[in-house]
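Since the structure comes first, as structure tokens, the remarks are kept for the end.
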Amino acid sequence: MEKKILFKIKALYRDDFRVSGFSFGSGEKAVCIVGSMRGNENQQLYCCSQLIRKLKELEAKGRIHEGKEILVVPCVNPYSMNIKKRFWSIDNTDINRMFPGYDEGETTQRIAGGLFEAIKDYVYGLQFASFYMPGRFVPHIRVMKTGFEDVELAKKFGFPYVVLHTPRPFDTTTLNYNWQVWETKAFSVYTTFTEEIDRASARQAVEAVLNFLRKTDTIDYDGFEGYVSKVVSTEEMVTVRNRTAGFFEGKTGAGEHVRKGQVLAYIADCYEGNVTDEICSPTDGTILFTHAEPRVYQNTAVYKIIPEKDEW
Amino acid sequence: MIETVVKVDLPVDEMLQIRKMRLQPENGGNGRRISIVTGIHGDELEGQYVCYKLSDYIRKNMKYLAGTVDVYPALNPFGIDSITRGIPAFDLDMNRIFPGNTEGDMNEYLAAQIVRDAAGSDLVFDIHASNIFLTEVPQIRINELHADSLVPYAREANVDFIWIHGASTVLESTFAHSLNAAGTPTLVVEMGVGMRITQAYGDQLFAGIVHLMKRLGIWKGEDFDVRTPIVSADNEDVGFLNASTSGIFLKNVEHGAVLKKGDLIGRIVNPLTGTVADEITSPADGWLFTIREYPVVSEGSLLGRILYGKENSV
């Protein structure tokens with residue numbers, strides 16, 4: 001393993017800002033894995049730390065294939081992590097809205113540009129990503145539809161689901177989108193949590209990445225074989241919303257199978273405690289995402305359900 | 001009359017309301033409408049003064065009002081109330097969720113209702129104030145896709161500068177783009193600085209708005225003379241000055257300065273060592289229409305923008 005500094009900025013009063021990478025094997029730039037990009041992405045950082053630990057073991061045993069290099073970038077934004085701020089410390093910009101970056105631009109454009117220069121030539125690009133809404137996910141692979149997406153390859157992770165996502169205008173400045181524009185096969189790996197560390201889903205994600213590395217002929221690994229993935233597009237998902245604001249009392253969690261009409265959650269008045277809304281599933285299916293905060297605004301997407309399909 | 005554009009129940013004993021002041025003659029007016037919108041970013045307050053001044057002026061001179069004036073002072077009331085640029089609790093830039101979605105979450109729903117309400121205006125002003133980091137001369141920014149329809153209005157708006165910039169996919173989710181794409185002409189004004197009010201700039205824009213109301217047949221009262229703006233349609237005309245290093249920026253000139261090549265714009269200093277880390281000079285003759293206001297800079301921070309070759313500011 002070789003630790004490299006991929007990008008650095010000198011600060012006035014803080015230690016240098018550094019984006020560090022951990023390289024395994026040598027030769028073709030085979031796979032790059034990026035972890036936390038926002039200051040609250042503890043789970044994403046944790047997943048990378050476990051992956052690095054595992055790859056060190058595999059490298060010591062000579063199990064990384066000759067002529068292949070794997071790069072892991074566990075954290076793109078140590079400054080924000082260390083002060084517990086989600087976005088960039090001074091101007092609150094999001095590095096994952098700055099790709100492909102610009103080396104003569106503003107600070108976060110330079111960080112994105114410096115990182116992208118170092119990672120844009122890999123054959124495969126994986127990012128441990130988080131969702132913009134607080135909640136819990138069934139671990140899955142998300143692929144952006146750019147015309148360069150490779151769904152068959154996404155199935156090689158062995159997650160239960162591959163989610164196909166049609167990019168919106170603001171998605172065009174994300175790492176995943178730009179990796180694909182530069183012809184890197186890019187995938188986002190979602191685990192259950194973001195701010196909290198969940199070792200079970202982290203382990204599943206790390207095993208899935210190792211599984212992907214094995215199936216793309218990058219490492220020898222005898223581990224998790226995985227599921228036969230089902231592919232679902234975001235347009236096919238059923239979004240369930242609450243009609244009233246209040247306390248959110250979830251009765252079902254991510255990954256659970258639900259029946260049409262089944263009660264998923266209750267909303268209760270924050271002052272008087274009475275139930276103001278009973279949220280029922282509009283379909284048979286599996287819960288991909290659940291809201292996970294004590295209170296909820298009116299009309300929030302509190303569940304996303306993958307409906308059952310006959311052909312599955 | 002104050003009208004509620006959209007309202008949403010909040011969890012704990014509160015209703016989120018986005019409101020507007022509708023000013024109209026008693027007979028309902030001639031059907032023409034101008035909308036003044038501000039407060040998408042909660043830290044940009046320059047538009048607050050313009051809204052106040054315009055409402056006050058019209059209410060005292062109602063006999064001259066021939067059409068409808070809608071004034072939306074706070075599209076992001078949570079942000080204004082909490083000195084937050086985006087939408088608090090969501091860490092979301094409101095100007096990246098338009099045109100919204102009536103079936104979407106709370107913020108998308110709000111955005112969709114705002115667009116529905118403002119659509120159909122003969123002209124919309126979307127007033128911004130740069131941000132807390134930069135001070136801007138009064139200017140209108142126009143996406144090149146909509147230049148043909150917007151530049152004639154912008155020329156009459158009493159701003160110093162019209163900047164026609166390149167199209168960008170990410171900007172398709174702004175309020176102005178959504179309305180322009182739907183055929184409602186919308187001008188984006190940038191002026192002054194975040195978290196402050198520059199009344200002179202507010203007065204300047206107020207005069208431009210009244211002048212355009214007159215041109216649109218919405219106002220029959222006094223008109224104001226407007227200045228002739230510099231128009232830049234060539235992206236090569238505009239130079240960006242970014243910090244070469246981190247430090248404290250001390251400006252040497254104010255925005256609006258006319259510069260010769262080599263003129264000192266400012267210094268980046270290191271208070272710990274008592275040294276100058278960099279001196280920023282003008283790379284060419286030009287007009288400094290933006291300058292850094294917030295002193296702390298990181299490598300890459302924007303320090304200023306120069307319009308090259310325009311030796312005379314207005």
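The values are calculated or read from the model by the stated rules, or taken from the named source; none is laboratory data. Because the structure is a prediction, the values reported are computed rather than measured. All Cβ positions, glycine included, derive from the backbone under ideal geometry; neighbour counts span all protein chains shown. Accessible surface is based on the protein model in full, side chains and every heavy atom, while ligands, DNA and RNA are left aside. Shrake-Rupley method; radii C 1.70, N 1.55, O 1.52, S 1.80 Å.
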Which listed residue is at pLDDT 95 or above and surrounded by fewer than 16 Cβ atoms within 10 Å (Cβ to Cβ), from B:A233, B:A157, B:A182, B:A176 = B:A182
inquiry  = Going through B:I268, B:I280 one at a time, which residue ends up being away from chain A (no Cβ under 12 Å), buried (at least 17 other Cβ atoms within 10 Å of the Cβ) and either in contact with a strand residue (DSSP E or B) (Cβ under 6 Å, 6 or more places away or on another chain) or in contact (Cβ under 8 Å) with a residue 24 or more places away in the chain (or both)?
reply    = B:I280
Given (1) over 25 Å from A:Q204 (Cβ atoms); (2) at pLDDT below 95; (3) surrounded by fewer than 16 Cβ atoms within 10 Å (Cβ to Cβ); (4) in contact with a strand residue (DSSP E or B) (Cβ under 9 Å, 6 or more places away or on another chain), number of the condition A:G273 does not satisfy = (2)
request  = Report yes if some residue within region A:201-211 is away from chain B (no Cβ under 14 Å), open to solvent by 30 Å² or more (accessible area, probe 1.4 Å) and within 15 Å of the chain's Cα centre (by Cα); otherwise report no.
outcome  = yes
ask   = Does B:L288 satisfy the criteria of being closer than 25 Å to A:I90 by Cα, hydrophobic (A, V, I, L, M, F, W, C) and in a strand (DSSP E or B)?
value = yes
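Yes/no matrix, rows are residues, columns are (1) more than 17 Å from A:E41 (Cα to Cα); (2) open to solvent by less than 30 Å² (accessible area, probe 1.4 Å); (3) within 14 Å of chain B (Cβ to nearest Cβ):
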residue: A:M98; (1), (2), (3): yes, no, yes
residue: A:P134; (1), (2), (3): no, no, yes
residue: A:K156; (1), (2), (3): yes, no, no
residue: A:V163; (1), (2), (3): yes, yes, no
residue: A:E195; (1), (2), (3): no, no, yes
remark   = The correct count of residues that are open to solvent by 10 Å² or more (accessible area, probe 1.4 Å), more than 18 Å from A:F170 (Cα to Cα) and either within 14 Å of another protein chain (Cβ to nearest Cβ) or of a type outside the set (V, I, T) (or both) in region A:138-148 is 2
Residue check, A:F224 under 30 Å from A:D150 (Cβ atoms), away from chain B (no Cβ under 14 Å) and in contact with a Gly (Cβ under 9 Å, 6 or more places away or on another chain) = yes
note = Checking A:V240, A:V189, A:V232 in turn, the sole residue that is under 30 Å from B:L16 (Cβ atoms), buried (at least 17 other Cβ atoms within 10 Å of the Cβ) and in contact with a strand residue (DSSP E or B) (Cβ under 6 Å, 6 or more places away or on another chain) turns out to be A:V240
Positions within region B:215-230 being open to solvent by 20 Å² or more (accessible area, probe 1.4 Å) and either within 14 Å of chain A (Cβ to nearest Cβ) or in contact with a Gly (Cβ under 8 Å, 6 or more places away or on another chain) (or both), in sequence order = B:G217, B:F224, B:V226
Subset of region B:76-116 [more than 14 Å from chain A (Cβ to nearest Cβ) and in contact with an Asp or Glu (Cβ under 9 Å, 6 or more places away or on another chain)] = B:I80
Selection within region B:49-85 - touching a Pro at 6+ places or on another chain (Cβ under 6 Å), of a type outside the set (A, V, I, L, M) and modelled with pLDDT of 95 or more = B:C51
note = In region A:21-67, residues that are under 24 Å from the mean Cα position of the chain (by Cα), open to solvent by 20 Å² or more (accessible area, probe 1.4 Å) and not hydrophobic (A, V, I, L, M, F, W, C) total 9
request  = Count, please, the residues in region A:241-262 that happen to be more than 15 Å from A:V138 (Cα to Cα), away from chain B (no Cβ under 12 Å) and touching a Leu at 6+ places or on another chain (Cβ under 9 Å).
outcome  = 2
query = Within region A:81-94, is even one residue at the interface with chain B (Cβ under 9 Å from one of its Cβ atoms), surrounded by fewer than 23 Cβ atoms within 10 Å (Cβ to Cβ) and closer than 25 Å to A:V238 by Cα?
reply = no
query = How many residues are in a loop (DSSP other than H, G, I, E, B), more than 12 Å from chain B (Cβ to nearest Cβ) and open to solvent by less than 30 Å² (accessible area, probe 1.4 Å) when one looks only at region A:100-132?
reply = 2
ask   = Looking at B:I197, is it in a loop (DSSP other than H, G, I, E, B), out of contact with any strand residue (DSSP E or B) (no Cβ under 8 Å at 6 or more places or on another chain) and either open to solvent by less than 50 Å² (accessible area, probe 1.4 Å) or closer than 20 Å to B:L307 by Cβ (or both)?
value = no
inquiry  = When the residues of region A:296-312 are narrowed to those that are outside any loop (DSSP other than H, G, I, E, B) and within 14 Å of chain B (Cβ to nearest Cβ), which ends up nearest to A:V238 (Cα to Cα)?
reply    = A:K304
ask   = Say we look at region A:166-193 and pick out the residues that are within 14 Å of another protein chain (Cβ to nearest Cβ) and among the aromatic types (F, W, Y); which of these is nearest to A:I64 (Cα to Cα)?
value = A:Y177
key: Qualifying position, being in contact (Cβ under 8 Å) with a residue 60 or more places away in the chain and more than 18 Å from A:F157 (Cβ to Cβ), among A:Y221, A:Y190, A:Y227, A:Y177   = A:Y177
message = Could you check region B:236-262 and list, in sequence order, the residues that are open to solvent by 50 Å² or more (accessible area, probe 1.4 Å) and within 14 Å of another protein chain (Cβ to nearest Cβ)?
response = B:F240, B:S244, B:L250
